[in-house]
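The values are calculated or read from the model by the stated rules, or taken from the named source; none is laboratory data. All values reported here derive from a predicted model rather than from experimental measurement. Cβ placement follows ideal geometry from the backbone for every residue including glycine, while neighbour counts extend to all protein chains displayed. Calculation scope for accessible area: heavy atoms of the full protein, side chains included, ligands and nucleic acids excluded. Shrake-Rupley method; radii C 1.70, N 1.55, O 1.52, S 1.80 Å.
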Amino acid sequence: PDRLLTKCKYIYIKGKVRKITPKDKKEILNINSNFANNALRVLGFAYKTISSNKTKEEDLIFLGLQGMIDPPRKDVKKDIEKCYAAGIKVVMITGDHELTAKAIANKLGLTGKTIDCSNLKKINLKTSVDKISVYARASPEDKMKITKALKDKGHIVAMTGDGVNDAPALKDADIGIAMGVSGTDVAKDSSDMILTDDHFSSIVSAVEEGRHIYANIKKFVSYLISSNLGEVFTIFIAIMLGLPMPLLAIQILWINLMTDGFPALALSVDPADKDLMKFKPRDKKENIITKRKFSYMMLTGLIMMISTLLIFVYYNKNYNLVYAQTIGFTTLMMLQMYNVINNRSETQSALSNLFSNKWLIIAILSSILLQFIVLYTPLSIIFHTTYATSLSNWNFFEPILNLKDWFIILLVSSSVLIFGEIVKLFKYVSTKHL
């Protein structure tokens, strides 16, 4: 309407046409502002009687205003709040009037400044881009400028669009997101991702799912590396100290191939943490194993080694080597069962939501059952977890490990779980303190 009025010389009121006055224009602009402040998209209407096709759009007769409401979806505000909690800034770029855009932004809870893109030339966009959340009356060129400014500041930029004129910005952004329902083919071809439902919430869900997958990969890697470090340290330190071998080669293979594998696979389908969307985005240069994570895995491996060797040395000194190796073998296996529970979350207690991943519970029980098989069946002859050397002198009623041994094993192997809980407690306290 404000631009249309510059083309109008007359006004139509009560069936009559007369010259438009500055007072008329001021009143129309006030009404326009009131409509816009109520989040209405306002159109101005004017006409002109022409005698030929060769006419200019000037000296028009102003007819009136029309306000249209294009309300945001109800779930968008919650999704924006979720983005803010996750350290993701949401920016609205629109062709609407500045007042309309600002009113919609307020309803959505968008924080930050609002700017009319006609003023972009008057400011240093690179220094101001972090403070602006709403760009009104934006052109395709403005979208490119905004994208470039955000990228220059080191941000990872995801740009949405549906029209042909959005294609350059979609192409230039780190992640171009086209509308699958209302989007043009050009926009879809220029994008990296297509929304099949055109919902902003789908973008947020995609971010959350991506974080979930990445977190599970980290859990998988952390569990396997820390557990294998425990095995390596146990054998290496035993050799360095001149101790008998605490585990035999076949026992190590059994742990790696059978009792390790199932829990590790179950971690890959672990449910997402409740606070997954409450952390800032990771640095794009960050490795999957950070220095802090590597230190944690090293300490976990050392605790597993100390626990295994202490119980092995005790039983070897007070009983015999076969007994001690069986105890060491089972203790290391149980340490890894505690370790897999520990690796489910870097912030939440291992005991919270313990049964939320049924596959992990099945995997742990399966691993323990497999351990029972090599301890209390004729397979114990192959794995050297019995005094018997053949089936002829093997006796089901004379197992090496009794209830007292299992109690000691469970108690000693819980050391890795206690260590993990202490680390999470310190992390929680330090976070709250900050």
Residue that is open to solvent by 10 Å² or more (accessible area, probe 1.4 Å) and in contact with a helix residue (DSSP H, G or I) (Cβ under 9 Å, 6 or more places away or on another chain), where the choices are Leu369, Leu365, Leu351 = Leu351
Those residues of region 338-354 which are at pLDDT 90 or above and farther than 12 Å from Ala266 by Cα amount to Tyr338, Asn339, Asn342
Does Ser307 meet the test of being outside any loop (DSSP other than H, G, I, E, B) and within 23 Å of Ile368 (Cα to Cα)?
-> yes
Which members of region 237-276 meet the condition of being at pLDDT 90 or above, surrounded by 15 or more Cβ atoms within 10 Å (Cβ to Cβ) and within 19 Å of the chain's Cα centre (by Cα)?
-> Leu267, Asp270
Criterion (in a strand (DSSP E or B) and open to solvent by less than 30 Å² (accessible area, probe 1.4 Å)) met by exactly one of Ile146, Ile177, Ile203, Ile194 | Ile177
Which condition breaks for Val186 when tested against (1) surrounded by 15 or more Cβ atoms within 10 Å (Cβ to Cβ); (2) outside any strand (DSSP E or B); (3) touching a residue at least 24 places away in the same chain (Cβ under 8 Å); (4) not acidic (Asp, Glu)?
-> (3)
Given (1) of a type outside the set (Ser, Thr, Tyr); (2) touching a helix residue (DSSP H, G or I) at 6+ places or on another chain (Cβ under 8 Å); (3) modelled with pLDDT under 90, where does Ala101 come up short, assuming only one miss?
-> (2)
The lone condition Ile289 fails out of (1) of a type in the set (A, V, I, L, M); (2) over 22 Å from the mean Cα position of the chain (by Cα); (3) open to solvent by 50 Å² or more (accessible area, probe 1.4 Å) is (2)
For region 76-89, pairs from a residue that is basic (Lys, Arg) to a residue that is open to solvent by 80 Å² or more (accessible area, probe 1.4 Å), with Cβ under 8 Å and 6 or more apart or across chains, are Lys77/Lys107
Within region 56-72, tally of residues that are open to solvent by 70 Å² or more (accessible area, probe 1.4 Å) and of a type outside the set (Asp, Glu) = 6
Can you name every residue in region 109-127 that is modelled with pLDDT under 90 and either open to solvent by less than 20 Å² (accessible area, probe 1.4 Å) or under 25 Å from Pro281 (Cβ atoms) (or both)?
-> Gly109, Leu110, Thr111, Gly112, Leu120, Leu125, Lys126, Thr127
If you go through region 376-434, how many residues are open to solvent by less than 100 Å² (accessible area, probe 1.4 Å) and under 24 Å from Leu354 (Cα atoms)?
-> 20
Determine whether Ser139 is within 19 Å of Asp116 (Cα to Cα) and open to solvent by 10 Å² or more (accessible area, probe 1.4 Å).
-> yes
Do the conditions hold for Leu299, that is, is it surrounded by 13 or more Cβ atoms within 10 Å (Cβ to Cβ), among the hydrophobic types (A, V, I, L, M, F, W, C), closer than 30 Å to Ile175 by Cα and at pLDDT 90 or above?
-> no
Selection within region 41-55 - open to solvent by less than 40 Å² (accessible area, probe 1.4 Å) and either without any contact (Cβ under 8 Å) to a residue 24 or more places away in the chain or hydrophobic (A, V, I, L, M, F, W, C) (or both) = Val42, Ala46
Any pair with Cβ under 8 angstrom, 6 or more apart, that starts in region 136-155 at a residue that is farther than 11 Å from Asp172 by Cα and touching a residue at least 40 places away in the same chain (Cβ under 8 Å) and ends at one that is small (Gly, Ala, Ser) and in a helix (DSSP H, G or I) = Ala136/Ala101; Arg137/Ser118
Of the conditions (1) closer than 30 Å to Ser202 by Cα; (2) surrounded by 13 or more Cβ atoms within 10 Å (Cβ to Cβ); (3) modelled with pLDDT of 90 or more, Gly87 fails just one. Which one is it?
-> (2)
